[in-house]
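*Asks:* Can you read through this structure? Questions will come right after.
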Amino acid sequence: MAINLVNPRGLPKIDVYRQVSIATGSKLVFIAGQVAWDAEGITVGEGDLAAQVEQCYLNIGTALAEAGGSFDDVAKLTFYVVDWAPDKMPPLLEGISRASAKLDITPVPPATLLGVAALDVPDHLVEIEATAILD
């Protein structure tokens with residue numbers, strides 16, 4: 001496997017992600033920010049952050065499979081959440097949990113969460129991009 005995820009001593013241990021991703025593979029995969037669109041471009045979960053996070057993860061899974069990879073190959077995730085506030089953490093985690101169950105994964109790569117004023121269309125509450133390394 002091209003990715004080794006670790007929590008170094010001296011940094012806080014966070015349950016939902018690891019602090020460091022050590023990549024040794026040779027094929028870089030950059031996945032454009034995924035929003036809550038289904039295959040037809042219809043927004044899934046209008047007004048529902050958990051449902052939109054879930055759809056974003058499913059879309060990333062589809063993109064990874066096309067590249068010949070899986071979530072095991074993800075080195076970094078970046079979340080862009082509209083009008084971020086700490087009270088949005090439970091639905092964000094719920095969406096990750098639901099997608100993880102559907103994809104049979106434990107997604108814990110390093111992640112960055114950024115609050116943004118808006119995304120491409122008003123119905124989108126979250127966008128998630130991924131970087132993966134494949135052997």
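*Asks:* Where a ≥ b ≥ c are the square roots of the eigenvalues of the C-alpha gyration tensor, would you call the range 1-69 rounded, which needs a/c under 1.5, or, failing that, prolate if a/b is larger than b/c, or oblate? Could the numbers behind the result be given before it?
*Replies:* On the way: a/c = 3.89, a/b = 1.49, b/c = 2.61.
Judged from the Cα gyration tensor, the range 1-69 comes out oblate (a/c at least 1.5, b/c at or above a/b).
*Asks:* Among all the lysines, which ones have a C-alpha under 19 Å from LYS27's C-alpha, if same-chain residues fewer than 8 places away are not counted?
*Replies:* Answer for LYS27, where 19 Å is the Cα cut-off: LYS76, listed by chain and number.
*Asks:* In percent, how large is the relative contact order of the chain, given Cα pairs closer than 8 Å and 6 or more residues apart? It would help to have the intermediate numbers written out before the result.
*Replies:* On the way: 280 pairs, mean separation 52.8, N = 135.
Once normalised by length, the contact order is 39 percent.
*Asks:* Next up: Mind checking the range 2-87 for GluC sites (Glu not before Pro) that DSSP puts in a loop (not H, G, I, E or B) and that have at most 12 other Cβ atoms within 10 Å? Could you put the intermediate results ahead of the total?
*Replies:* On the way: sites: GLU40, GLU46, GLU54, GLU66; in loops: GLU40, GLU46.
Taking the range 2-87 and a limit of 12 other Cβ atoms within 10 Å, the loop GluC sites (Glu not before Pro) found are GLU40.
*Asks:* Hey, another quick one. Using only alpha carbon pairs under 8 Å that are at least six residues apart, calculate the relative contact order of the range 82-135 and give it in whole percent. Write down the numbers at each step before the final one.
*Replies:* Numbers: 22 pairs, mean separation 27.4, N = 54.
Relative contact order here is 51 percent.
*Asks:* In debye, nearest 20, what is the charge dipole magnitude of the chain about its Cα centre with +1 on Lys and Arg Cβ and -1 on Asp and Glu Cβ, if you could check? Walk me through the intermediate numbers first.
*Replies:* Working: 8 positive and 18 negative charges, 153 e Å.
In total the dipole reaches around 740 debye.
*Asks:* Once you put a point 7 Å from the Cα of THR24 and another 7 Å from the Cα of ASP87, both along the Cβ direction, what distance in nm separates them?
*Replies:* For THR24 paired with ASP87, the spin-label model returns 4.7 nm.
*Asks:* Testing the spin-label approximation: label points 7 Å from Cα along Cα→Cβ at ALA118 and ASP72. State their distance in nm.
*Replies:* 4.3
*Asks:* Out of the total accessible area of the chain (probe 1.4 Å, heavy atoms of protein only), what percent is carbon and sulfur?
*Replies:* Details: 3940 of 7240 Å².
Within the chain, the accessible surface is 54 percent carbon and sulfur.
*Asks:* Under 15 Å from a point placed 7 Å out from the Cα of VAL6 along the Cα-to-Cβ direction: which residues of the range 91-118 have their backbone N that close?
*Replies:* 110
*Asks:* Hey, another quick one. Between VAL16 and ASP104, what length in nm is gained on full extension when 0.36 nm per residue of separation is reduced by their alpha carbon distance?
*Replies:* Details: separation 88, 0.36 × 88 = 31.68 nm, distance 1.54 nm.
Between VAL16 and ASP104, full extension yields an extra 30.1 nm.
*Asks:* Rolling a 1.4 angstrom probe over the protein heavy atoms, how many square angstrom per residue are accessible across the range 34-104? Mind showing how you got there, number by number?
*Replies:* Details: 3420 Å² over 71 residues.
So the range 34-104 comes to 48 Å² accessible per residue, rounded to a whole number.
*Asks:* Can I ask one more? Describe numerically, in nm with one decimal, the distance between label points set 7 Å from Cα along Cα→Cβ at THR62 and at ASP38.
*Replies:* The answer from the label model is 1.0 nm.
*Asks:* Counting pairs of alpha carbon atoms under 8 Å apart in space and at least six apart in sequence, what relative contact order in percent does the range 6-45 give? Mind dumping the intermediate values first?
*Replies:* On the way: 20 pairs, mean separation 9.9, N = 40.
The value is 25 percent.
*Asks:* Now for a separate question. Quick one, which of [x] 39, 35, 26; [y] 42, 34, 33; [z] 51, 30, 28 is the actual Cα extents along the principal axes in Å calculated for this model?
*Replies:* Label [x] holds the value from this structure.
*Asks:* Could you point to the residue in VAL126, ILE42, TYR17 farthest towards the positive end of the chain's charge dipole, with +1 and -1 charges on the Cβ of Lys/Arg and Asp/Glu respectively?
*Replies:* Highest projection toward the positive end goes to TYR17.
*Asks:* A further question follows. List the GluC sites (Glu not before Pro) within the range 68-133 that fall in a DSSP loop (any state other than H, G, I, E or B) and whose Cβ has at most 12 other Cβ atoms within 10 Å. Don't skip to the end; give the middle numbers.
*Replies:* Working: sites: GLU94, GLU127, GLU129; in loops: none.
Answer in residue order: no site qualifies.
The values are calculated or read from the model by the stated rules, or taken from the named source; none is laboratory data. Only a predicted model underlies this, so the values are computations on that prediction, with no experimental measurement involved. Ideal geometry is used to build each Cβ from the backbone, glycine not excepted, and the neighbour counts take in all protein chains shown. Note: accessible area is taken over every heavy atom of the protein model, side chains too, but ligands, DNA and RNA are not part of it. Shrake-Rupley method; radii C 1.70, N 1.55, O 1.52, S 1.80 Å.
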